[in-house]
Amino acid sequence: MTMNRRVSGRGAAVLAACFAVLSAVAAIQAAPPVASSPSSGELDRTVLPIPEPRRASITEVDVRKATAPPRFEVKAPAGAPNVVLVLIDDMGFGQPSTFGGAIDMPTLDRLASQGLRYTNFHTAALCSPTRAALLTGRNHHTNNTGAVQDVATAFPGQTGKRPPSVAPLAEILRLNGYSTAAFGKWHLTPLWETTTSGPFDLWPTRSGFERFYGFLGGEANQWAPLLYDGTVEVEMSNDPGYFLTTDLANRAISWVRAQHSLTPDRPFFMYFAPGATHAPHHVAREWADRYKGRFDAGWDRYREETLARQIRLGVVPPGTSLAPKPAAVKAWDALRPDEKRLFARQMEVYAGFGEETDHEVGRLVETLEELGVLDDTVFITIAGDNGASAEGGPAGMFNEMSFFNGVPETLAEVTSKLDKWGGPETFPHYAIGWAVAGDTPCAYAKQVASDCGGTLDGMVIRWPKGIKAKGEVRGQFHHVIDIAPTVLELASLPEPRSVNGTSQKAMEGTSLAYTFADAHAKGRHVTQYFEIAGNRAIYHDGWLARVVHRAPWEQTPRATLDADKWELYDRSTDFSLSQDVAAQHPQKLAEMKALFLDEAAKHDVLPIDDRSIERLDPALAGRPDLMGGRTTLTLYDGMTGILENAFINVKNRSSSITAEVEIPTGGANGVVLAQAGRFGGWSLYFKDGRPAYAYNWIGRETYTVASPDPVTPGKAEVKLDFAYDGGGRGKGGTASLLVNGRKVAEGRVAHTNPMMFSADEGADVGVDEGTPVTEAYTAAGSRFTGRIRKVTVEVR
């Protein structure tokens, strides 16, 4: 800096002093935190990333005479184990054979026989909340994930955006020298950030995982999923034998082999969350047929037989009773023969799906064994991110999108798909009776955070180098937030106080390593709140107070939030919550209710949001909407996989689709623009040179409007105008097809999807990826044969 004016002596002294202070500050800022001690070789791992220590300047001119300083590299602590974390989806405590269920899971059985079974392990009762808590060690509201991403709101605790002060376990491990990878379901990225425009901060590869292969949403079609490799969409497989869980296992196996080959001295952390056994319940027929006849006795008998096995296995205390079954679940003996046949097959398919998933995990286990690293690996399996799902309604559903659109399926409609159940032409879910049975000995299911049926899941840990006990049971109360601090303790890593320049909120979980050598150790996780959509509870020192605000099969809450009926249970003597003792202990109930409010205020649970399906609408929920306020969207060829919440909303309103295309000689075929697929959606396409529009209403009816004449080769404008009837959600409308401004066809669309088209299929320009909207073409042969200049969607 040049000074243009002479500075007085006094001024010069002051200026010199200022520069001295600034230099000192700069030196402090440039220095690593008291962090590194190069002399001792120890690293301060409480501040991440660990800064490279300052080195003395080299004064030697000739490199031949100089000694290179030691290379700075962050390595994991000596002896830090590999970690594999497997999370099964929508599996109840009473479903895997390892915990007394009827689904054969030999891999999980084997891991349990060589390690520990945890029988009082709890989740958050819903997928995104559980995953957020699992991967960070903090409660789901601390992660701003009070419910699934699809229903995020503007309130703290519900925004769907994990704050920088909550660093994921994967990031902590990565910055401490681990290789990291995630395979399968994510469901933790805000909906408005799931496009190729980003931001990518909350995608897996910016959340600590160096490798990601899987899907972003809450579920995926096992036969035709929308997948990402990192942040790049994966081209759909044309292999007729393709199955998602197999693909995920293949990718995980390839990755771990590469780690062993290239960096055998570096520990790895793998998160394997296949999305199975979440709906759709898809599986090859041979897996389902293994269970033929095994569920013919029904869900009531299943509960009784499962409880008996659980007591024999020691995974529930002797004397445990079945909690009273909800009134919505009919007695099996009261069902008609056709109902029994349908429901039995539903469970056969689900059981086959469960066993197939266990088989794929088994392939991963075998690979680790072949590589000689299985015993160096902490292998954790959580058999359910919540209880079994009751989102299938009283009769189950051949298309789960019916549930999300609030359009029940009749028994006749469900039965008509029985022979295809579990195959590519269905998107199925079983009846609520199987969900309640799958959560034996409890009474409720997924979403009900106030009941063990929603939160209790079997968990197995195998680590021969650190756990000497084999085949034993641990019954201390634990929660999914306890996994992250456990992993850090086993890796000899401290919980960081700063990550990537942000001070960290302390982990709220408790390491369960203290239980490894002592089956009777006093539990250290003493207090835990639960809350999902008004279903809420508080656990403290063996007691549980709770409210069942609304069951998944109920359209409205049982009472207003301030009029809810609280119940009280002594879990030290009542494992399944079968006996409400609130009347006998009013003072204890009052204490527990007050404790819940304290914990709720502390963890951003308040205000409680008990709205249901309406929260799928961004405008009603109050969350950001990528298309919010926009009335037009212009798209170009090659834009594919645009998830529904990042696409302009054409539901419940009039709209138009205007495509500028070039038709080749001989006419065009293929899709111009399609949204979603076989289980609900719409498509503007050409067939034999003729433009057409198909609207698929929840996989039940397809309304088609088609031109009788082909379009002349050359440039053309094809427009679909949809005039909505109005009068509420899900109404019909009139579809008009125009070519170069001239109407060529018109037809009625009797019903439309009121809430959503698909949870896993996006909008595509020039092709219909995934499943086809209409049988007029196949997904494999849907690519447009002409040229698409642009397509404009307009809503009004």
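The values are calculated or read from the model by the stated rules, or taken from the named source; none is laboratory data. None of the values given here were measured: they were computed from a predicted structure. Here the Cβ is made from the backbone with ideal geometry for all residues, glycine too, and neighbour counts use every protein chain on show. The protein model used for the area step is the full one, side chains on, heavy atoms only, and it has no ligands, DNA or RNA in it. Shrake-Rupley method; radii C 1.70, N 1.55, O 1.52, S 1.80 Å.
Structure values in brief
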quantity	calculated
Hits in the range 470-481 - residues which are under 15 Å from K522 (Cβ atoms) and not in a loop (DSSP other than H, G, I, E, B)	R474, H478
Any hit, the range 385-403, residues being without any contact (Cβ under 8 Å) to a residue 60 or more places away in the chain, of a type in the set (D, E) and in contact with a Gly (Cβ under 8 Å, 6 or more places away or on another chain)	no
Helices (runs of 4 or more DSSP H) wholly inside the range 337-433 that include at least 2 residues being under 30 Å from A484 (Cβ atoms), at pLDDT 95 or above and acidic (D, E)	337-371
Pick from the range 219-250, criterion among the charged types (D, E, K, R) and surrounded by fewer than 19 Cβ atoms within 10 Å (Cβ to Cβ), ranking: farthest from the chain's Cα centre (by Cα)	D239
Positions within the range 317-347 being among the β-branched types (V, I, T) and either open to solvent by 60 Å² or more (accessible area, probe 1.4 Å) or more than 28 Å from R558 (Cβ to Cβ) (or both), in sequence order	none
Check on G453, in contact (Cβ under 8 Å) with a residue 60 or more places away in the chain and either open to solvent by 10 Å² or more (accessible area, probe 1.4 Å) or over 21 Å from the mean Cα position of the chain (by Cα) (or both)	no
Among residues of the range 251-278, those that are buried (at least 24 other Cβ atoms within 10 Å of the Cβ) and assigned to a loop (DSSP other than H, G, I, E, B), counted	6
Among (1) surrounded by fewer than 19 Cβ atoms within 10 Å (Cβ to Cβ); (2) out of contact with any helix residue (DSSP H, G or I) (no Cβ under 8 Å at 6 or more places or on another chain) - the single one R700 does not satisfy	(2)
Check on S113, of a type in the set (S, T, N, Q) and without any contact (Cβ under 8 Å) to a residue 60 or more places away in the chain	no
Residue within the range 121-134 that is touching a residue at least 40 places away in the same chain (Cβ under 8 Å) and either over 29 Å from S165 (Cβ atoms) or open to solvent by 10 Å² or more (accessible area, probe 1.4 Å) (or both) present	yes
Residue list for the range 664-677, filter: touching a strand residue (DSSP E or B) at 6+ places or on another chain (Cβ under 7 Å) and surrounded by 22 or more Cβ atoms within 10 Å (Cβ to Cβ)	A668, V671, V672, L673, A674, Q675
The range 193-213 residues that are touching a residue at least 12 places away in the same chain (Cβ under 8 Å) and more than 9 Å from A181 (Cα to Cα), paired with ones that are basic (K, R) and open to solvent by 10 Å² or more (accessible area, probe 1.4 Å) (beta carbon under 8 Å, 6 or more apart)	F200/R206; L202/K161; L202/R162; S207/R162
Flag for T734 being farther than 30 Å from D239 by Cβ and either hydroxyl-bearing (S, T, Y) or open to solvent by less than 30 Å² (accessible area, probe 1.4 Å) (or both)	yes
Residue in the range 228-238 that is touching a residue at least 40 places away in the same chain (Cβ under 8 Å), under 27 Å from P199 (Cβ atoms) and either in contact with a Phe, Trp or Tyr (Cβ under 7 Å, 6 or more places away or on another chain) or of a type outside the set (K, R) (or both) present	yes
Qualifying residue in the range 68-82 (condition: within 34 Å of the chain's Cα centre (by Cα), open to solvent by less than 10 Å² (accessible area, probe 1.4 Å) and of a type outside the set (S, T, N, Q))	yes
Check on T180, within 14 Å of the chain's Cα centre (by Cα), at negative phi and either in contact (Cβ under 8 Å) with a residue 40 or more places away in the chain or assigned to a strand (DSSP E or B) (or both)	no
Identity of the residue in the range 610-648, polar (S, T, N, Q) and at pLDDT 95 or above, that ends up nearest to A559 (Cα to Cα)	T631
Which numbered condition A745 fails, given (1) at positive phi; (2) surrounded by 15 or more Cβ atoms within 10 Å (Cβ to Cβ); (3) among the small types (G, A, S)	(1)
Candidates Y636, Y685, filtered to the one that is among the aromatic types (F, W, Y) and open to solvent by less than 30 Å² (accessible area, probe 1.4 Å)	Y685
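This table checks each residue for (1) closer than 30 Å to R345 by Cβ; (2) in contact with a Phe, Trp or Tyr (Cβ under 9 Å, 6 or more places away or on another chain); (3) in a loop (DSSP other than H, G, I, E, B).
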site	(1), (2), (3)
V74	no, no, yes
V86	yes, yes, no
F93	yes, yes, yes
R117	no, yes, no
A124	no, yes, yes
S128	no, no, no
R131	no, yes, no
L135	no, yes, no
A147	no, no, yes
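Yes/no per residue for (1) over 31 Å from the mean Cα position of the chain (by Cα); (2) under 24 Å from S416 (Cβ atoms):
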| position | (1), (2) |
| --- | --- |
| S321 | yes, no |
| P324 | no, no |
| V329 | no, yes |
| M347 | no, yes |
